[in-house]
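Following: one structure in structure tokens, then a few remarks.
The values are calculated or read from the model by the stated rules, or taken from the named source; none is laboratory data. If you're wondering where the values come from, they're calculated on a predicted model, not measured in any experiment. Neighbour counts are summed over all protein chains in view; Cβ atoms, including those assigned to glycine, are modelled from backbone coordinates with ideal geometry. Side chains included, ligands, DNA and RNA excluded: accessible areas come from the protein's heavy atoms. Shrake-Rupley method; radii C 1.70, N 1.55, O 1.52, S 1.80 Å.
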Amino acid sequence: MEKTFLMVKPDGVQRGLIGEIVSRFEKKGFKLVAAKLMTVSRELAEAHYAEHREKPFFEELVGFITSGPVFAMIWEGENVISVARQMMGKTNPADAAPGTIRGDYGVSVGMNIIHGSDSPESAEREIGLWFQEQDQIAYDKTI
Ligand code: CMP
């Protein structure tokens, strides 16, 4: 079954949106495979956003994601990578449709509440970066 990495960013945690966000994905029918509330080291932040290293906003991005706790998650389900991205809405909340997470709650392109893997390759890389195999629930092996 397909898996994706999702993270409620520091703005979403600070505004009390963890429950709302988890609820949306649960109600959609996806399964939560792993989750942790944590602070992010500079090393992890730089590795996570490695593809943006040369972008002018890289320092801002790393500074923001390490500024307060995040809620990191793995979700599982059919087409969860692309469906989760549809549920999140466009990266810039100004362009995100109402009814999407960023459309409903996002403030700016930096403070856009949630991160989600954008491809199967990113999902595999990000899951491996943030979680260990033993953190994950294998629902097909439980009742
Ligand atoms: P995310 O999905 O976490 O992946 C990369 C992030 O870079 C993106 O969400 C945005 O929050 C952030 N981002 C993209 N463009 C800008 C920008 N111009 N200024 C600040 N942050 C940006």
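Based on this model, can you work out whether Phe25 counts as in contact (Cβ under 8 Å) with a residue 24 or more places away in the chain, in contact with an Asp or Glu (Cβ under 7 Å, 6 or more places away or on another chain) and not charged (D, E, K, R)? Criteria not met by Phe25. Residues in region 45-58 that are open to solvent by 30 Å² or more (accessible area, probe 1.4 Å) and either touching a residue at least 24 places away in the same chain (Cβ under 8 Å) or more than 10 Å from the ligand (Cβ to nearest atom) (or both): Glu46, Ala47, Ala50, Arg53, Glu54, Phe57.
The one condition from (1) in a strand (DSSP E or B); (2) surrounded by 21 or more Cβ atoms within 10 Å (Cβ to Cβ) that Leu32 does not meet is (2). Quick one: would you say Ile74 is outside any loop (DSSP other than H, G, I, E, B), within 13 Å of the ligand (Cβ to nearest atom) and closer than 27 Å to Val33 by Cα? Considered against the rule, which asks whether it is outside any loop (DSSP other than H, G, I, E, B), within 13 Å of the ligand (Cβ to nearest atom) and closer than 27 Å to Val33 by Cα, Ile74 comes out as no. Taken over region 92-107, the criterion of being assigned to a helix (DSSP H, G or I), open to solvent by less than 50 Å² (accessible area, probe 1.4 Å) and free of Cβ contacts under 8 Å to residues at least 24 places away in the same chain is satisfied by Arg102, Gly103. Pairs linking a residue in region 29-44 that is on the phi > 0 side of the Ramachandran plot to a residue that is surrounded by 11 or more Cβ atoms within 10 Å (Cβ to Cβ), with Cβ atoms under 9 Å and 6 or more positions apart or on different chains, are Gly29/Gly77. Only residues that are under 16 Å from Glu2 (Cα atoms), open to solvent by less than 60 Å² (accessible area, probe 1.4 Å) and of a type outside the set (Gly, Ala, Ser) were counted across region 119-130, and they come to 2.
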